[in-house]
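See structure below.
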Amino acid sequence: MQAAAILWHVSLLVPDNRRALALGLVGIARVGPVIVFSMISGVAADALNRRTVMLVTQSTMTVLAALLALATFHGLTSVWPIYALSAAASAAGSFDLPARQALVPTLVSREHLPNAISLNTIATQTASVVGPALGGLLIAHVDVAWVYVCNSLSFLFVIAALILMKGQGRTHIEGTAERDRGNFTVAAALDGLRFVFSQPLIRSTMLLDFFATFFSSATALLPIYAQDILHVGARGYGWLYAAPAAGAVLTSAVMVRAVDAITNRGRVLIGAIAVYGLATVVFGVSTSFWVTFTCLALTGAADTVSMVFRNLIRQLETPDYLRGRMMGVNMVFFMGGPQLGEAEAGLVGNWLGPVFSVVSGGVGCLIATAWVAIRTPELRHYRSTEDSGIKAAPPPRRPPVESPLKDVQPPSAPMP
C-alpha cells in the first residue's frame, strides 16, 4: 500500500514537467541504503539471532510509517521528507530481508522447501494485490495519509507473529564447525562475496534478477499512464499497480503443485524472464486499460515463475552458515535492480517520454536475458534431479566439551 501511495503522493507534489524525474528519484532514495548496508546486514543475519533482527527492523519501520502519516496529516508540501523517510525505511528493510529469507529454510525440511517457497510467494503476492487496490480506494475517497497509517499498523501483526515464533532464529544448527559460524568481521563479509561470485548458478540468477528488473521496472511511471495516457484516475491506478501481483497470485497457486514436477528448471527460468520482457514491451505501447492490465498481470505471472526458481536455486545451493551473507549480496541485485530501474525509467521518461522508456526497457530485458543464458550453460542445463551446486558438508565431529547449545533443540531435519 505504501509503495503505491508514495509514488502517487510524489506525483501530486511536483509540477507536471518534473513528475517523471521526481518519481524516478524515489527509486534512488530506496536503493542507496540497500547498497550501503547490504554486506553488513548479510553478516548480521548469520552472526545474530534472525528472529531478533527482524523484531528490531519491524519495530523501526512501524515508527517510520507513523512519522510519514503524521507529516502528511500536517500538510506536507515538499517531496524531500518523503524521500528521507523512504530511505530510512529502506535502510531498516536492508537488515530485515536477509534475516527473513535466511530464516525460512530453518523452519522446514529440505524436501519441503520448494513448496514452502511457493506458499510464501502466494502470501506475499496476495498482499501485493490487496494492498495497492485498497490504497487506491483510500487515496480516492479519503487521503493518502491514511494509507501510511494502515502500513504502520500492519507491522504490528508481523511483530506479533515473530513473538509467537518461540525458539526460532538460531543462525547455525548444533555442531556447526567454529570456522563456519558467522562473525561481525570483514573476513566474514568477504567470505560471502567470494562464495556468491564463485558459483555460476547463484551468480547468474542474481544477474538475471538485476537486469530484468532494471530494464523493465516501469512501476514508477504508472501514475503518468493512469493520469495522462489511460485517464483512469486514482482507482484505476490502484488496480494497475496491483495487476502484476494479481497475475502472480494465480501463478503461485499453480506453482505450489507444479514446482516439483518441473525438472528443467533452468530453461523455464530463462523463458519466464523472456516473457516478462515481452509483456513489458506490449504494456508500453498500449492505450487500453484492459490490455495494459493484462500485460502487467502477465509480468507478475512470469516474475513469479522466475522468482520461485531463483529462490529455490539459491536456497538449495547455499550452506546455512552462508545463507544470510548470500542474501545480503543478493539484496543489492534483488532490490537495487527495480529501484535503479525506476530511476532509469524516470530519467528516460522525462527525456524521451514514458512510452519510449517502457518499450526500450522491455527490449533491454530481452537482450540481457539472452546474454546471461548464453554465458551460463550451467543455468540452461540446471535440472531438479541433478546435483549441480554446493554439496552439503558432512556434520563435524562433536567436540568433547559440552556444547553451549545443548538446551536448544535442533531443527527436525538437518539443513545443508
task: Pick out the one residue from Gly233, Gly238 that is more than 23 Å from Asn120 (Cβ to Cβ) and surrounded by 20 or more Cβ atoms within 10 Å (Cβ to Cβ).
output: Gly238
Among (1) over 30 Å from Tyr321 (Cβ atoms); (2) crowded, with 21+ Cβ neighbours inside 10 Å - the single one Gln101 does not satisfy: (1)
- prompt: Can we say Thr287 is of a type in the set (Val, Ile, Thr), free of Cβ contacts under 8 Å to residues at least 60 places away in the same chain and more than 16 Å from Leu366 (Cα to Cα)?
  reply: yes
Subset of segment 33-56 that is within 16 Å of the chain's Cα centre (by Cα) and either β-branched (Val, Ile, Thr) or surrounded by fewer than 18 Cβ atoms within 10 Å (Cβ to Cβ) (or both) - its residue that is farthest from Leu85 (Cα to Cα): Ile35
Residue list for segment 13-32, filter: in contact (Cβ under 8 Å) with a residue 24 or more places away in the chain, surrounded by fewer than 21 Cβ atoms within 10 Å (Cβ to Cβ) and under 20 Å from Ile224 (Cα atoms): Leu13, Val14, Arg18, Leu21, Ala22, Ile28
message: Residues to consider are Ser109, Ser90; find the one that is small (Gly, Ala, Ser), in contact (Cβ under 8 Å) with a residue 40 or more places away in the chain and surrounded by fewer than 18 Cβ atoms within 10 Å (Cβ to Cβ).
response: Ser109
query: Quick check: anything in segment 279-289 part of a loop (DSSP other than H, G, I, E, B) and either farther than 27 Å from Leu21 by Cα or of a type in the set (Gly, Ala, Ser) (or both)?
result: yes
query: Applying the selection to segment 316-328, what residues are part of a helix (DSSP H, G or I) and crowded, with 24+ Cβ neighbours inside 10 Å?
result: Arg323, Gly324, Arg325, Met326, Met327, Gly328
task: Determine which single condition Leu76 fails, assuming it passes every other condition in (1) assigned to a helix (DSSP H, G or I); (2) more than 19 Å from the chain's Cα centre (by Cα).
output: (1)
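We did not get these values from a lab; they are worked out from the coordinates using the rules stated. Quantities reported herein were computed from a predicted structural model and do not represent experimental measurements. In this analysis, Cβ positions are derived from the backbone assuming ideal geometry, glycine residues included, and neighbour counts consider all displayed protein chains.
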